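Everything below concerns the one structure shown next.
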Amino acid sequence: MRFPLHITLDSIRHQMRNGLKGNKRYPMVMMLEPLYTCNLACIGCSTERHTGKLKDRVPLENCFKALDDCGAPIVSICGGEPTLYPELKELIEGIIARKRHIYLCTNALCLEKKVYGKIDPHKRLTINIHLDGMRETHDMVCAKEGVFDEAIAMLKEGKRLGYHMYTNTTVYRETSMEEVEELCEVCVAAGVDGMLIAPGYQYSSVDKDIFLSRQQINEKFKRVLELSKRYRLSSTPMYLEFAAGMRNYNCSPWSTVTYTPNGWKGPCYLIGKNFFETWDEFWNTTDWEYWESRQDKLCQNCMMHSGFEASAVFELKHSPKDMVRMAAWNLLG
């Protein structure tokens with residue numbers, strides 16, 4: 001299967017429970033940013049993610065409360081650089097004890113020191129290494145030499161130690177799709193379990209002109225759609241067709257909720273218009289219909305998986321053909 005059976009079944013059960021309750025909107029993924037501290041200052045990252053101080057990190061108990069409040073079955077631990085979070089081992093153990101699934105998103109520079117040999121491999125833990133291209137490109141994006149080589153070395157070492165390993169690649173305006181294909185080959189040779197390829201989103205605090213218009217996303221993701229037929233990409237066929245301009249969906253900003261050192265981030269992972277201290281305030285005061293409509297100027301060039309993968313999945317019920325395609329994609333991938 002493309003996704004482990006336990007992740008697939010837990011996600012289906014979560015959807016069924018909410019469907020039985022009559023819930024139209026509910027989170028599928030929680031983006032947990034326990035700190036903004038980072039050991040890199042990547043050119044495509046929002047400013048707060050590499051200027052945060054360690055002392056301002058989210059207390060462990062607040063992380064657990066946020067997870068319990070939102071109820072999402074999948075937790076993506078990001079940041080900042082989450083391997084710098086001093087309580088990472090306790091955080092991962094606590095999330096696993098709650099029977100949730102973890103994607104630990106990392107630049108890989110501290111994996112050997114902070115994770116390997118200290119946090120045991122577990123079926124509910126996936127390590128997700130960010131790779132934005134081959135050596136020259138990735139090191140340029142990270143503004144530091146040697147990051148690519150370390151990331152590939154840690155990918156191979158993670159597989160050797162028995163961890164479930166993913167990669168995450170952001171496509172920018174100048175990204176060469178031939179290079180993305182080359183990167184897929186390198187990752188497959190290293191033993192990667194899955195790869196995510198996503199269009200970059202222009203954070204308001206990033207002033208570099210490196211991001212994609214919707215038309216440019218469509219053009220580049222037609223190639224990604226072709227690559228998905230040869231490589232183990234984690235994006236669904238329906239989402240990739242959307243990114244390639246072949247389908248249209250409203251956004252599902254509520255499907256991926258984000259908790260940060262500043263509280264709940266609204267309306268979505270990418271847009272921080274407001275921050276809320278409590279889950280109830282965030283969930284009940286955000287104008288979901290407005291953000292679903294994509295009418296805001298901040299949404300015009302956004303085709304991110306965090307907002308649209310859920311839309312693709314929730315639309316399956318209207319197309320038996322797509323349901324069969326999705327089942328085949330997961331079972332035979």
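Across region 125-142, what is the total count of residues that are assigned to a helix (DSSP H, G or I) and surrounded by fewer than 20 Cβ atoms within 10 Å (Cβ to Cβ)? The qualifying residues number 5.
So in region 200-218, with the set limited to residues that are at pLDDT 90 or above and surrounded by 14 or more Cβ atoms within 10 Å (Cβ to Cβ), which one is farthest from Gly333 (Cα to Cα)? Only one residue tops the list, namely Gln216. On the stretch given as region 12-38, residues that are crowded, with 22+ Cβ neighbours inside 10 Å and among the β-branched types (Val, Ile, Thr) total 1. Go through region 143-185 and give me each residue that's of a type in the set (D, E, K, R), crowded, with 17+ Cβ neighbours inside 10 Å and assigned to a loop (DSSP other than H, G, I, E, B). Lys144, the sole residue that qualifies. Any idea how many residues of region 38-75 are assigned to a loop (DSSP other than H, G, I, E, B), in contact with a Leu (Cβ under 9 Å, 6 or more places away or on another chain) and either of a type in the set (Lys, Arg) or at pLDDT 95 or above (or both)? Of the residues in that region, 3 qualify.
Taking every residue in region 153-166 that is farther than 15 Å from Leu109 by Cβ and in contact (Cβ under 8 Å) with a residue 12 or more places away in the chain and pairing it with any residue that is of a type in the set (Lys, Arg) and surrounded by 15 or more Cβ atoms within 10 Å (Cβ to Cβ), at least 6 positions away or on another chain, the pairs with Cβ-Cβ distances below 8 Å are Met165/Lys159. Can you tell me which residue is surrounded by the most Cβ atoms within 10 Å (Cβ to Cβ) among those in region 266-293 that are among the charged types (D, E, K, R) and within 10 Å of Pro253 (Cα to Cα)? The residue in question is Glu292. Residues of region 291-316 that are in contact with a Pro (Cβ under 8 Å, 6 or more places away or on another chain) and in a helix (DSSP H, G or I): Trp291, Glu292, Gly307. In region 104-124, the residues that are without any contact (Cβ under 8 Å) to a residue 60 or more places away in the chain form Cβ pairs under 6 Å with partners that are assigned to a loop (DSSP other than H, G, I, E, B) and not aliphatic (A, V, I, L, M), at six or more places apart or across chains, as follows: Pro121/Gly162; Pro121/Tyr163. For Gly80, the conditions (1) within 18 Å of Val257 (Cα to Cα); (2) out of contact with any Gly (no Cβ under 8 Å at 6 or more places or on another chain) are fulfilled apart from (2). Residues in region 238-265 that are more than 21 Å from Leu32 (Cα to Cα) and either surrounded by 19 or more Cβ atoms within 10 Å (Cβ to Cβ) or not aliphatic (A, V, I, L, M) (or both): Met238, Tyr239, Leu240, Glu241, Phe242, Ala243, Ala244, Gly245, Arg247, Asn248, Tyr249, Asn250.
Within region 76-96, the set of residues being touching a residue at least 40 places away in the same chain (Cβ under 8 Å), closer than 21 Å to Trp279 by Cα and assigned to a helix (DSSP H, G or I) comprises Leu91 only. The set of residues in region 87-135 being acidic (Asp, Glu) and more than 17 Å from Asn168 (Cα to Cα) consists of Glu87, Glu90, Glu93, Glu112, Asp120.
Against the condition surrounded by 14 or more Cβ atoms within 10 Å (Cβ to Cβ), out of contact with any Gly (no Cβ under 9 Å at 6 or more places or on another chain) and polar (S, T, N, Q), how does Thr106 come out, does it pass? Answer is no for this residue.
Restricting attention to region 228-272, the residues that are of a type in the set (Phe, Trp, Tyr) and either touching a Lys or Arg at 6+ places or on another chain (Cβ under 6 Å) or part of a helix (DSSP H, G or I) (or both) total 3.
This table checks each residue for (1) in contact with a Leu (Cβ under 6 Å, 6 or more places away or on another chain); (2) hydrophobic (A, V, I, L, M, F, W, C).
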{"position": "Glu226", "(1), (2)": "no, no"}
{"position": "Ser234", "(1), (2)": "yes, no"}
{"position": "Pro237", "(1), (2)": "no, no"}
{"position": "Ser252", "(1), (2)": "no, no"}
{"position": "Val257", "(1), (2)": "no, yes"}
{"position": "Thr278", "(1), (2)": "no, no"}
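The values are calculated or read from the model by the stated rules, or taken from the named source; none is laboratory data. Given the structure is predicted, the values throughout are model-derived calculations rather than measurements. Using ideal geometry, Cβ is built from the backbone for each residue, glycine included, and neighbour counts are taken over all protein chains shown.
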